[in-house]
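All of the numbers you see were taken from the coordinates with simple rules; none came from a lab. This structure is a prediction, so every number in the text was calculated from the model and none was measured. Every residue, glycine among them, receives a Cβ derived from its backbone with ideal geometry; neighbour counts consider all protein chains shown.
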Amino acid sequence: MSLYRAYRRLVAIRLRERVYRVPENNYLLRCFQYLCPRTIPYGAFCWNEQCQNCRVQWRLGPEEKTRVGLSCKLVVREGMEITGLAPELAGLMSRVWSASTGDIVYHPEKGREGSGDDQG
Ligand code: FES
């Protein structure tokens, strides 16, 4: 049995100015697992809308309104741009990019950070 919902193709999402291809019809958190299979499964995720550690900021394009959602319940959509990740997600996905993850860390209570210096 696959971890992933059935899919026929990969869809493009943007993350930190890069495009990644992930399985359509799947929850975004599962798509992150597709990108980071060695780290996401070990994260502190309930997969059930309770822990809030999977929170993301996202939009469908540069002209669209930014929204906040739980990646464990948000189905991926073609062209989705992820503009912020909760600290748990950002840390576990740091292998996707080589540089610091600080500029994409999103704290629900504080919003998006500029430098990543404030981890509190
Ligand atoms: S994984 Fe816990 S709320 Fe989404």
* Structure fact -> In order over the stretch 22-36: 3J(HN,Hα) from phi, Karplus 6.51/-1.76/1.60, θ = phi - 60°, whole Hz, x for each Gly or Pro, gives 9, x, 4, 6, 10, 5, 4, 4, 5, 5, 5, 5, 4, 7, 10
* Amide H of Val11: which non-local residues (sequence gap of 5 or more, or other chain) have their own amide H closer than 5 Å, using H built in the peptide plane? -> Val22, Glu24
* Asked: Quick one: what Rg and Dmax do you get for the stretch 10-110 from the alpha carbons, in Å?
  -> 12.2, 35
* Asked: Among Met93, Met1, what is the fewest-to-most ranking by other Cβ atoms within 10 Å?
  -> Met1, Met93
* Along Cα→Cβ, 7 Å out, is where each label goes; now give me the distance between the ones at Tyr4 and Gln50 in nm to one decimal. => 2.9
